[in-house]
Amino acid sequence: MRSKLNPVEIFTCLCVWVGANLFSLFKLFEAQTDLLKDDNGVTNSLKDLQPGWSFIGRQRDVSDIEWSSWKYFIHTSLVYMIMQFFISELIRKLSLPVLKYWYIISSTIFIIFHMGVRQMVLILFQPILYGTIIFLGGSKKIIWIISLFLLASYNSLKYKLFFWNFLEHEEMQDEEVYLILFSVAWIELRCISYSIDFIQKRDDAKTQSFFCWNDIINMLSYTLYLPLLYSGPIILYEEFEKSFNVTNGNLALRLKRFVSDLFVFKLYTFILDIAFHYFYFFAMQDNMQLMYKLPTTALCGGGLWMGLEFHMKYVISYGTTTAFARIDNIEPPPIPRCIARVHIYSQMWRHFDVGLYRFLVKYIYKPGLIIISQSIKLPNIGYKLIASLATFVFIFMWHGTVWHIFIWSILNYLGIILEHVGKELSKHEIYDWFKTNILKTDKMEACLIALLCTPLLALSAISNFYLFAGAEVGNLFFESFMNPSLCNSILLGLSLYCCCHVSMALADVPSRGSIQKIVKKIV
C-alpha cells in the first residue's frame, strides 16, 4: 500500500527515522570507543583491526573478505576490462559474429594469467558438465538434480583443506582464492539459465535439437563474460543474447554514462573505506564478550551498520560490473535499493538483488506454481507458499548449507508466509467491514498497515543479522530484544513505525539503475 500521509507527516516520519539511525550509529561509535579504550589488550587481540590510512590516524576494520576480494578484482582487472571493451566495440562494428569468440578468449587470457591454469579448469568444469547434459538430451529435471547435487558438493568442499590445496593457495592471495569460490556460485546460475532456456526452446520446437558448435560458443561467452564472472549480478541468458542485436548504439553516450558511473562508485568506495576506520562492529565479533557489553542502542547501531555496509558493498560491486555490461549493450538489472527504505520481505527480495530475484521467479517460482497446481488441488495461497518454499530451499543451498544461513532462510520464509496471510485476510469481507466502519479513511488504513508491519520489519532486520554476521551475533540480537526496557521498546517501535511510512512513501521511487529506463519511457 502507498502512503496516505500528508507531506508534513511524511517529512516528520523521515526526520524521526533518519534521526534514530544517526543516534544509534553515534551510540555504537561511543560504546566501541569506550570498550576499546578501557582495555588496550583487547584492542590488540582483534586481528581484523589493522593500521588505517595515515591521514586519518585510526585503525581500520578489514574483516569483510567479500569487500577486500571485490576491491582486489576491480584493481586487478579495471584496465584490462577497459581494453576488452574497446576491442569488443571494434569487433562489433567489423564482424559481430566474432564478438562471442572474443569474450571467451579475453576471459580465458585473464583467468590463466591472473589466476592460473587450475582456476581455469575449475571455472570450465560446470559449463562442460551442463553442456554435456544438454548434448545427451537431458531434461529440465536432470538439470535441477545435477544443480542441487553440485551445490551440496560445492558447499561441503569449498572450505576443506584439499580444495584449497587444489587451488595452490600458498602461492595465491586469499582474495584470489575467494574470488574463485565466488565465481563458481555465479557460474552455476548462468549455466542453469542457459540450459533451461535451451531445453525450453528445444521443447517448444518439438525437435531433438543437437548441441552444436554455435551453442557451445553461446554458452561459454555467457558463462565466462568477464565483468560479471566473479561478483555478479546474474543477468539472464535472454538479456545477454539481446546485446548482440545492437550494432549501432551511441558510443559517446555510453562512454559518458560509464565514466559517470565509475566516478560515483569510486566515490562510494572511498566513503565506505573511511567508514571502516570509525566502525569496528565486524572486527569486534571476534570477541563475543565485547559484543555482550554493548548497550541496546549501540547494538541497534551495529545492526544498522551491518545492513548499510552490506548494501553499499553490493551497490558498488554490482554498479561497477554492470557499468561494464551496459557499455557492451547489455541491459543490467537495477542496483540494490537501500535497505533503510524497505519495510517488507517481498520488497527486499524484489528490489535488493533484482537479477537474482528475476532468476528465482523465472526458473523456480513460476514453474513451481504450474507443477503444483497441476499435481494437487489447493487454495491459491497454498500454491504460492509451496512454490516459495522451493525457492527458499534453493536460496539456502546456493548461499551455503550452514546453520546461520538456514536460520536466515527460515525467518525470511516465515516473513513471506505472514505477508501472504495478511494479503489474504485483507481480501476477506470482514476486513472490508472493518475498513469501512472502523478505519473509515485510507489514511487510517495506511497507519494500521504500518503498525502491523513494524514487528515484521524488526523480524526482517534480525533475520538479516544472521546472514551478515553468523549465528552467535544473530542470537545476541534475539536475546537483547526478548526482554527490552519499556523506553527502548517505545523508541525502537516508533522508529520502525516511521520507517514503514517512509518506505511506503518511497515505494515508487526507483533505485539508481532504474532511472535511465524511466527517462527513456518519458522521452
(request) In vacuum, with every alpha carbon of the range 215-290 counted as one equal point scatterer, what does the Debye formula give for log10 I(q)/I(0) at q = 0.12, 0.18, 0.27, 0.28 Å⁻¹? Two decimals, please. (result) -0.63, -0.95, -1.22, -1.22
(message) Rounded to the nearest angstrom and ordered from largest down, what semi-axes does the equivalent ellipsoid of the range 346-478 get from its C-alpha gyration tensor (root of 5λ)?
(response) 28, 22, 12
(request) Work out Dmax and Rg for the range 269-401 from the C-alpha atoms and quote the Rg first, both in angstrom. (result) 19.2, 57
(request) Using Cα pairs closer than 8 Å and at least 6 residues apart in sequence, work out the relative contact order for the range 228-362, in percent. (result) 40 percent
(request) List the residues of the range 330-354 whose backbone N lies under 15 Å from a point placed 7 Å from the Cα of Ser426 along the Cα-to-Cβ direction. (result) 343-348
(request) Rounded to whole Hz and in sequence order, give me ³J(HN,Hα) for the range 15-26 from the Karplus expression 6.51 cos²θ - 1.76 cosθ + 1.60, θ = phi - 60°, writing x for Gly and Pro. (result) 4, 5, 5, 5, x, 5, 5, 5, 5, 5, 5, 4
(message) Can you give me the Kirkwood hydrodynamic radius for the range 69-171, using every pair of distinct Cα atoms, in Å to one decimal?
(response) 16.4 Å
(request) Kindly sort Arg341, Arg202 by accessible area of their heavy atoms, largest first, with the probe set to 1.4 Å. (result) Arg341, Arg202
(request) Place the peptides 59-65, 86-92 in order of packing, highest mean first, counting for every residue the other Cβ atoms within 10 Å and averaging per peptide. (result) 59-65, 86-92
(request) Provide the solvent-accessible area of Met482, counting protein heavy atoms only and rolling a 1.4 Å probe, rounded to the nearest 10 Å². (result) 130 Å²
(message) So if each residue of separation counts as 0.36 nm, and I subtract the Cα-Cα distance between Thr12 and Arg58, what length gain in nm does that give?
(response) 13.0 nm
(request) Leaving ligands, DNA and RNA out of it, rank Cys13, Cys300 by accessible area with a 1.4 Å probe, largest first. (result) Cys300, Cys13
(request) Quickly work out the Thr33-to-Phe263 label distance, labels modelled 7 Å from Cα along the C-beta direction, and quote it in nm with one decimal. (result) 3.4 nm
(request) Take each of the peptides 305-311, 448-454, average the number of other beta-carbon atoms within 10 Å over its residues, and list them starting from the highest. (result) 305-311, 448-454
(request) Averaging sequence separations of C-alpha pairs under 8 Å and six or more residues apart, then dividing by the length of the chain, give the relative contact order as a whole percent. (result) 23 percent
(request) State the percentage of accessible surface on the range 301-415 attributable to carbon and sulfur atoms; use a 1.4 Å probe and exclude ligands, DNA and RNA. (result) 71 percent
(message) So for the range 360-428, considering every pair of alpha-carbon atoms, how many percent are separated by more than 17 Å?
(response) 47 percent
(message) Could you work out the pair-distance distribution P(r) of the range 1-155 from its alpha-carbon pairs, with 5 angstrom bin width and percents rounded to whole numbers?
(response) 1, 6, 7, 9, 9, 10, 9, 9, 10, 12, 10, 5, 1, 0
(request) Give me the compactness ratio for the chain, meaning the Cα radius of gyration over 2.2 N^0.38 Å. (result) 1.03
(message) Given the whole protein assembly as supplied and a 1.4 Å probe, what does the accessible area of His114 come to in Å², nearest 10?
(response) 70 Å²
(message) Using +1 at the C-beta of Lys and Arg and -1 at the C-beta of Asp and Glu, which of Ser54, Thr223, Tyr413 has the Cα lying farthest in the positive direction of the dipole of the chain?
(response) Thr223
(request) Find the accessible area per residue for the chain; the probe is 1.4 Å, ligands and nucleic acids are left out, and the unit is Å². (result) 48 Å²
(message) Using a 1.4 Å probe on the protein heavy atoms, what percent of the accessible area of the range 1-92 belongs to carbon and sulfur?
(response) 66 percent
(request) Normalise the Debye intensity by I(0) for the range 300-345, one equal point scatterer per Cα, no solvent, then take log10 at q = 0.18, 0.19, 0.25 Å⁻¹ and round to two decimals. (result) -0.61, -0.65, -0.87
(request) Starting from the Cα gyration tensor of the range 80-129, multiply each eigenvalue by 5, take the square root, and state the resulting semi-axes largest first in whole Å. (result) 24, 14, 6
(request) Please report, in debye to the nearest 20, how large the charge dipole of the chain is about its Cα centre when each Lys and Arg carries +1 at its beta carbon and each Asp and Glu carries -1 there. (result) 1720 debye
(request) Please sort 385-392, 48-55 by packing, taking for each peptide the average over its residues of neighbouring beta carbons within 10 angstrom, highest first. (result) 385-392, 48-55
(request) Quote the relative contact order of the range 337-389 in percent (integer), defining contacts as alpha-carbon pairs under 8 Å separated by 6+ residues. (result) 28 percent
(message) Using the Kirkwood formula on the Cα atoms of the range 192-347, what hydrodynamic radius do you get, in angstrom to one decimal?
(response) 19.0 Å
(message) Compute the orientation-averaged projected area for the range 169-268 from the convex hull of its Cα atoms and round it to one decimal in nm².
(response) 9.4 nm²
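The values are calculated or read from the model by the stated rules, or taken from the named source; none is laboratory data. Keep in mind the model is a prediction, meaning the values are calculated, not measured. Every residue, glycine among them, receives a Cβ derived from its backbone with ideal geometry; neighbour counts consider all protein chains shown. The protein model used for the area step is the full one, side chains on, heavy atoms only, and it has no ligands, DNA or RNA in it. Shrake-Rupley method; radii C 1.70, N 1.55, O 1.52, S 1.80 Å.
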